[in-house]
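Participant: One structure, as C-alpha coordinates, below. Some questions next.
The values are calculated or read from the model by the stated rules, or taken from the named source; none is laboratory data. Everything numeric here is computed off the predicted structure, so don't read it as measured data. In this analysis, Cβ positions are derived from the backbone assuming ideal geometry, glycine residues included, and neighbour counts consider all displayed protein chains.
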Amino acid sequence: MPAIGFDLYLVTDRKTTAGRDLLWVLEQAMEGGVRAVQLREKDLEGRPLLELARKVKALCDRYGAELFVNDRVDVALAADATGVHLAANSLPVAVARELLGPDRKIGVSTHSVDEARAAAAAGADLIVFGPVYPTPSKLAFGAPQGPAALKAVTGATSVPVFAIGGVKQNHLPEIKAHGTARIAVISAISEAPDPRAAARDMLAALRA
(Lines give C-alpha, C1' and ligand atoms only; values in the text may rest on other atoms or scores of the structure.)
Protein backbone atom coordinates (compact mmCIF):
# COMPACT_ATOMS: atom_id res chain seq x y z
CA MET A 1 0.00 0.00 0.00
CA PRO A 2 1.53 3.37 -0.99
CA ALA A 3 2.34 5.58 2.00
CA ILE A 4 0.25 8.68 2.65
CA GLY A 5 2.72 11.49 3.29
CA PHE A 6 0.34 14.41 3.77
CA ASP A 7 -2.12 15.48 6.46
CA LEU A 8 -4.03 18.30 4.76
CA TYR A 9 -6.11 17.26 1.74
CA LEU A 10 -7.48 20.25 -0.21
CA VAL A 11 -10.66 19.51 -2.18
CA THR A 12 -11.40 21.86 -5.06
CA ASP A 13 -14.58 23.68 -5.97
CA ARG A 14 -13.99 26.45 -8.46
CA LYS A 15 -17.34 27.97 -7.43
CA THR A 16 -16.08 28.31 -3.86
CA THR A 17 -13.05 30.55 -4.28
CA ALA A 18 -14.52 33.95 -3.32
CA GLY A 19 -14.52 34.84 -7.01
CA ARG A 20 -10.82 34.13 -7.51
CA ASP A 21 -9.16 31.90 -10.09
CA LEU A 22 -8.92 28.29 -8.88
CA LEU A 23 -5.32 27.87 -10.00
CA TRP A 24 -4.32 31.01 -8.11
CA VAL A 25 -6.00 29.70 -4.96
CA LEU A 26 -4.30 26.34 -5.33
CA GLU A 27 -0.90 27.91 -5.79
CA GLN A 28 -1.39 30.09 -2.73
CA ALA A 29 -2.41 27.00 -0.73
CA MET A 30 0.65 25.10 -1.92
CA GLU A 31 2.87 28.01 -0.96
CA GLY A 32 1.28 27.62 2.47
CA GLY A 33 2.27 23.96 2.57
CA VAL A 34 -0.59 22.00 1.01
CA ARG A 35 0.80 18.85 -0.61
CA ALA A 36 -2.35 17.04 -1.77
CA VAL A 37 -5.25 18.21 -3.92
CA GLN A 38 -8.45 16.42 -4.88
CA LEU A 39 -9.78 17.82 -8.15
CA ARG A 40 -13.52 17.64 -7.59
CA GLU A 41 -15.37 19.53 -10.33
CA LYS A 42 -18.42 17.36 -10.92
CA ASP A 43 -20.02 19.61 -13.52
CA LEU A 44 -17.13 19.34 -15.98
CA GLU A 45 -17.27 16.83 -18.82
CA GLY A 46 -14.28 14.71 -19.77
CA ARG A 47 -12.32 17.06 -22.04
CA PRO A 48 -12.53 20.26 -19.98
CA LEU A 49 -11.90 18.24 -16.83
CA LEU A 50 -8.77 16.75 -18.36
CA GLU A 51 -7.57 20.18 -19.47
CA LEU A 52 -7.99 21.48 -15.93
CA ALA A 53 -6.44 18.35 -14.43
CA ARG A 54 -3.32 18.80 -16.53
CA LYS A 55 -2.97 22.41 -15.39
CA VAL A 56 -3.40 21.40 -11.77
CA LYS A 57 -0.93 18.54 -12.23
CA ALA A 58 1.69 20.95 -13.58
CA LEU A 59 1.15 23.15 -10.55
CA CYS A 60 1.36 20.17 -8.20
CA ASP A 61 4.62 19.07 -9.82
CA ARG A 62 6.16 22.48 -9.14
CA TYR A 63 5.40 22.17 -5.44
CA GLY A 64 5.90 18.44 -4.96
CA ALA A 65 2.19 17.97 -4.31
CA GLU A 66 -0.04 14.99 -5.10
CA LEU A 67 -3.11 15.15 -7.34
CA PHE A 68 -6.19 12.97 -6.93
CA VAL A 69 -9.01 13.18 -9.46
CA ASN A 70 -12.50 12.71 -8.10
CA ASP A 71 -14.28 9.66 -9.54
CA ARG A 72 -12.72 9.72 -13.03
CA VAL A 73 -10.11 6.98 -13.37
CA ASP A 74 -9.70 7.77 -17.06
CA VAL A 75 -8.91 11.43 -16.41
CA ALA A 76 -6.55 10.51 -13.57
CA LEU A 77 -4.58 8.25 -15.90
CA ALA A 78 -4.59 10.73 -18.79
CA ALA A 79 -3.33 13.51 -16.51
CA ASP A 80 -0.77 11.25 -14.81
CA ALA A 81 -2.33 12.00 -11.43
CA THR A 82 -1.30 10.36 -8.18
CA GLY A 83 -4.62 8.55 -8.10
CA VAL A 84 -8.36 8.86 -7.74
CA HIS A 85 -10.87 9.62 -5.04
CA LEU A 86 -13.99 7.47 -5.02
CA ALA A 87 -17.45 8.15 -3.66
CA ALA A 88 -19.92 5.52 -2.49
CA ASN A 89 -21.49 5.35 -5.96
CA SER A 90 -18.17 5.35 -7.87
CA LEU A 91 -16.37 2.33 -9.27
CA PRO A 92 -15.55 -0.33 -6.67
CA VAL A 93 -12.08 0.04 -5.20
CA ALA A 94 -11.00 -3.32 -6.65
CA VAL A 95 -11.98 -2.27 -10.17
CA ALA A 96 -10.23 1.09 -9.83
CA ARG A 97 -7.13 -0.74 -8.62
CA GLU A 98 -7.14 -3.01 -11.68
CA LEU A 99 -7.24 0.04 -13.92
CA LEU A 100 -4.74 2.14 -11.99
CA GLY A 101 -2.20 -0.51 -11.09
CA PRO A 102 -0.46 -0.97 -7.75
CA ASP A 103 1.48 2.29 -7.56
CA ARG A 104 -1.28 4.89 -7.73
CA LYS A 105 -3.32 5.82 -4.69
CA ILE A 106 -7.03 5.43 -4.05
CA GLY A 107 -8.99 7.57 -1.60
CA VAL A 108 -12.54 6.70 -0.59
CA SER A 109 -15.27 8.85 0.97
CA THR A 110 -17.11 7.14 3.82
CA HIS A 111 -19.94 8.04 6.16
CA SER A 112 -19.97 5.19 8.69
CA VAL A 113 -17.76 2.66 10.44
CA ASP A 114 -19.04 -0.09 8.15
CA GLU A 115 -18.20 1.91 5.01
CA ALA A 116 -14.74 2.72 6.37
CA ARG A 117 -14.04 -0.93 7.17
CA ALA A 118 -15.25 -2.00 3.72
CA ALA A 119 -13.07 0.59 1.99
CA ALA A 120 -10.03 -0.51 3.98
CA ALA A 121 -10.69 -4.17 3.26
CA ALA A 122 -11.03 -3.40 -0.46
CA GLY A 123 -7.61 -1.76 -0.53
CA ALA A 124 -8.19 1.98 -0.10
CA ASP A 125 -5.02 3.93 0.66
CA LEU A 126 -6.84 6.68 2.52
CA ILE A 127 -10.32 7.22 3.90
CA VAL A 128 -12.21 10.49 4.19
CA PHE A 129 -14.94 10.45 6.84
CA GLY A 130 -17.72 12.95 7.41
CA PRO A 131 -19.45 15.21 7.58
CA VAL A 132 -18.03 15.81 11.04
CA TYR A 133 -19.38 19.38 11.37
CA PRO A 134 -22.20 21.27 9.58
CA THR A 135 -21.39 22.19 5.98
CA PRO A 136 -23.46 23.09 2.89
CA SER A 137 -21.29 20.86 0.66
CA LYS A 138 -22.32 17.72 2.56
CA LEU A 139 -26.05 18.30 3.09
CA ALA A 140 -26.85 15.28 0.92
CA PHE A 141 -25.17 13.05 3.49
CA GLY A 142 -27.37 14.13 6.37
CA ALA A 143 -26.67 15.78 9.70
CA PRO A 144 -23.11 16.20 10.91
CA GLN A 145 -21.91 13.09 12.69
CA GLY A 146 -19.66 14.74 15.21
CA PRO A 147 -16.23 13.92 16.62
CA ALA A 148 -17.41 10.82 18.49
CA ALA A 149 -18.31 9.15 15.18
CA LEU A 150 -14.92 10.18 13.83
CA LYS A 151 -13.22 8.48 16.76
CA ALA A 152 -15.20 5.29 16.10
CA VAL A 153 -13.99 5.27 12.49
CA THR A 154 -10.36 5.98 13.31
CA GLY A 155 -10.49 3.16 15.85
CA ALA A 156 -11.95 0.73 13.33
CA THR A 157 -9.21 0.83 10.69
CA SER A 158 -5.47 1.28 10.33
CA VAL A 159 -5.89 3.13 7.02
CA PRO A 160 -5.24 6.91 7.35
CA VAL A 161 -8.52 8.73 8.06
CA PHE A 162 -9.14 12.37 7.07
CA ALA A 163 -11.93 14.30 8.78
CA ILE A 164 -14.12 16.33 6.41
CA GLY A 165 -17.21 18.48 6.67
CA GLY A 166 -17.15 22.04 8.00
CA VAL A 167 -13.65 21.67 9.42
CA LYS A 168 -12.26 25.01 10.62
CA GLN A 169 -9.13 26.06 12.44
CA ASN A 170 -10.85 26.02 15.85
CA HIS A 171 -11.95 22.39 15.36
CA LEU A 172 -8.45 20.99 15.05
CA PRO A 173 -7.75 20.32 18.75
CA GLU A 174 -11.04 18.41 19.01
CA ILE A 175 -10.34 16.43 15.83
CA LYS A 176 -6.88 15.50 17.07
CA ALA A 177 -8.38 14.38 20.37
CA HIS A 178 -10.71 12.07 18.44
CA GLY A 179 -8.24 9.93 16.61
CA THR A 180 -6.70 11.74 13.64
CA ALA A 181 -4.41 14.64 12.78
CA ARG A 182 -5.51 14.56 9.13
CA ILE A 183 -8.20 16.75 7.57
CA ALA A 184 -9.81 17.42 4.20
CA VAL A 185 -11.13 20.93 3.57
CA ILE A 186 -12.67 23.07 0.87
CA SER A 187 -13.86 26.52 1.97
CA ALA A 188 -11.58 26.85 5.02
CA ILE A 189 -8.77 27.49 2.54
CA SER A 190 -10.40 28.25 -0.82
CA GLU A 191 -12.62 31.03 0.57
CA ALA A 192 -10.12 32.36 3.09
CA PRO A 193 -9.00 35.96 2.51
CA ASP A 194 -5.42 34.64 2.47
CA PRO A 195 -5.37 30.97 1.35
CA ARG A 196 -1.62 30.72 1.92
CA ALA A 197 -1.91 31.84 5.55
CA ALA A 198 -4.97 29.63 6.11
CA ALA A 199 -3.10 26.56 4.86
CA ARG A 200 0.01 27.43 6.86
CA ASP A 201 -1.96 27.95 10.08
CA MET A 202 -3.98 24.74 9.71
CA LEU A 203 -0.87 22.71 9.07
CA ALA A 204 0.86 24.23 12.08
CA ALA A 205 -2.12 23.38 14.29
CA LEU A 206 -2.27 19.82 12.96
CA ARG A 207 1.41 19.28 13.68
CA ALA A 208 1.51 21.02 17.04
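Participant: Residues that are under 19 Å from His171 (Cβ atoms) and assigned to a loop (DSSP other than H, G, I, E, B): does segment 87-110 have at least one?
Facilitator: Taking every residue of segment 87-110 in turn, none turns out to be under 19 Å from His171 (Cβ atoms) and assigned to a loop (DSSP other than H, G, I, E, B).
Participant: Looking only at segment 14-39, count how many residues are surrounded by 19 or more Cβ atoms within 10 Å (Cβ to Cβ) and farther than 16 Å from Tyr63 by Cβ.
Facilitator: Final tally of qualifying residues: 1.
Participant: Still on this structure, I have one more. Which residue out of Val108, Val95 is without any contact (Cβ under 8 Å) to a residue 24 or more places away in the chain and either hydroxyl-bearing (Ser, Thr, Tyr) or touching a helix residue (DSSP H, G or I) at 6+ places or on another chain (Cβ under 6 Å) (or both)? Write out each step before concluding.
Facilitator: Details: Val95 fails: either hydroxyl-bearing (Ser, Thr, Tyr) or touching a helix residue (DSSP H, G or I) at 6+ places or on another chain (Cβ under 6 Å) (or both).
Criteria check complete, one pass: Val108.
Participant: Could you please give the count of residues in segment 139-180 that are surrounded by 14 or more Cβ atoms within 10 Å (Cβ to Cβ) and part of a loop (DSSP other than H, G, I, E, B)?
Facilitator: Residues that pass the stated criteria total 14.
Participant: Take the residues in segment 127-168 that are at pLDDT 95 or above and among the polar types (S, T, N, Q), then tell me which one is nearest to Asp114 (Cα to Cα).
Facilitator: Filtering segment 127-168 for residues that are at pLDDT 95 or above and among the polar types (S, T, N, Q), the one nearest to Asp114 (Cα to Cα) comes out as Thr157.
Participant: Also, quick follow-up: Out of curiosity, is Ala29 touching an Asp or Glu at 6+ places or on another chain (Cβ under 6 Å) and over 21 Å from Asp125 (Cα atoms)? Outline the logic, then answer.
Facilitator: Numbers: touching an Asp or Glu at 6+ places or on another chain (Cβ under 6 Å): no; over 21 Å from Asp125 (Cα atoms): yes.
No, not satisfied.
Participant: Can you tell me how many residues in segment 105-124 are charged (D, E, K, R) and surrounded by fewer than 16 Cβ atoms within 10 Å (Cβ to Cβ)? Even if it seems obvious, please write down each step before you answer.
Facilitator: We begin by selecting, within segment 105-124, every residue charged (D, E, K, R); these are 105, 114-115, 117.
Remaining after also requiring surrounded by fewer than 16 Cβ atoms within 10 Å (Cβ to Cβ): 114.
Summing the residues that are charged (D, E, K, R) and surrounded by fewer than 16 Cβ atoms within 10 Å (Cβ to Cβ) in segment 105-124 gives 1.
Participant: Determine which member of the set Arg14, Arg62, Arg20 is in a helix (DSSP H, G or I) and among the basic types (Lys, Arg). Working first, answer last.
Facilitator: Numbers: Arg14 fails: in a helix (DSSP H, G or I); Arg20 fails: in a helix (DSSP H, G or I).
The conditions single out Arg62.
Participant: Next question, about the same structure. Tally up the residues in segment 72-86 that are surrounded by fewer than 19 Cβ atoms within 10 Å (Cβ to Cβ) and assigned to a loop (DSSP other than H, G, I, E, B), please. First the steps, then the outcome.
Facilitator: Just the residues of segment 72-86 that are surrounded by fewer than 19 Cβ atoms within 10 Å (Cβ to Cβ), to begin with: 74, 77-78, 80.
Imposing the further condition that a residue be assigned to a loop (DSSP other than H, G, I, E, B) reduces the set to 80.
The total comes to 1.
Participant: Cβ contacts < 7 Å: first residue farther than 15 Å from Ser109 by Cβ, restricted to segment 61-75; second residue of a type in the set (Gly, Ala, Ser) and exposed (fewer than 15 other Cβ atoms within 10 Å of the Cβ), any location; separation 6+ or different chain. Result?
Facilitator: So the pair list comes out as Val75/Gly46.
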